[in-house]
1. Any idea how far the Cα center of the range 1-18 sits from the one of the range 54-112, in Å?
2. Net charge within 14 Å of Val70 by Cβ-Cβ distance, Lys/Arg positive one each and Asp/Glu negative one each, not counting Val70 itself?
3. Which value in deg cm²/dmol, rounded to the nearest 500, describes the helix-derived mean residue ellipticity at 222 nm for the chain, given -39,500 (n - 2.57) per DSSP H run of n ≥ 4 and division by the residue count?
4. Seen from all sides and averaged, what is the projected area of the convex hull of the Cα atoms in the chain, in nm²?
5. Cross-link candidates for Lys99: which aspartates and glutamates have Cα within less than 17 Å, leaving aside residues fewer than 8 places away along the same chain?
6. In vacuum, with every alpha carbon of the range 7-57 counted as one equal point scatterer, what does the Debye formula give for log10 I(q)/I(0) at q = 0.25 Å⁻¹? Two decimals, please.
7. On the protein heavy atoms, probe 1.4 angstrom, tell me the percent of accessible surface of the chain carried by carbon and sulfur.
8. Assign unit charges at the C-beta atoms only (+1 for Lys and Arg, -1 for Asp and Glu), then state the dipole size of the chain relative to its Cα centre in Debye, rounded to the nearest 20.
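The values are calculated or read from the model by the stated rules, or taken from the named source; none is laboratory data. Remember, it's a predicted structure, so these values are computed and weren't measured experimentally. In this analysis, Cβ positions are derived from the backbone assuming ideal geometry, glycine residues included, and neighbour counts consider all displayed protein chains. Areas reflect the complete protein model, heavy atoms only, side chains present, ligands, DNA and RNA absent. Shrake-Rupley method; radii C 1.70, N 1.55, O 1.52, S 1.80 Å.
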Amino acid sequence: MARMLTERFNGEVPSTPEELTQLPGVGRKTANVIQAVWFGKPTLAVDTHVYRVSHRMGLVPKDANTPRKVEDYLMKNIPLGEVSSAHHWILLHGRYICKSARPLCSKCPFDDFCPKLLENSKLD
Ligand code: SF4
């Protein structure tokens, strides 16, 4: 990666997804994180937390069964100006409350209206 950055990109981290994903080890998720955090672009990286929470809360349809489909659906439905914040809200909610194996529903502010589309998970 270091060699490619120096030889192909003049030592600068590129800013487009097409360029970023040319770098070894950089896929769409990482490219989206770099674009959002470093370049301030409205991109939304779908990691395991974003994927899980989006499905459990019914933010995306069931047939959004790949990270890319979840990303596309969320991007269509979140105002561009809120994308970066929304990404962190969903991610942190998944990391600390809507945990993978045992979501803390009794402590969750969405408990009353969340559809809890849980699969292979235990409720708190
Ligand atoms: S109510 Fe439970 S399943 Fe729904 S978002 Fe909160 S922790 Fe997750």
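1. 32 Å
2. Numbers: positive: Arg28, Lys29, Arg52, Arg56, Lys62, Arg68, Lys69, Lys76; negative: Asp47, Asp63, Glu71, Asp72.
Charge balance in the 14 Å sphere: +4.
3. On the way: 6 runs with 55 residues, N = 124.
For the chain, the value works out to -12500 deg cm²/dmol.
4. Value for the chain: 8.4 nm².
5. Straight-distance partners of Lys99: Asp47, Asp111, Glu119, Asp124.
6. -0.93
7. It is 56 percent, rounded to a whole number.
8. Using Cβ point charges on Lys, Arg, Asp and Glu, the chain gives about 380 debye.
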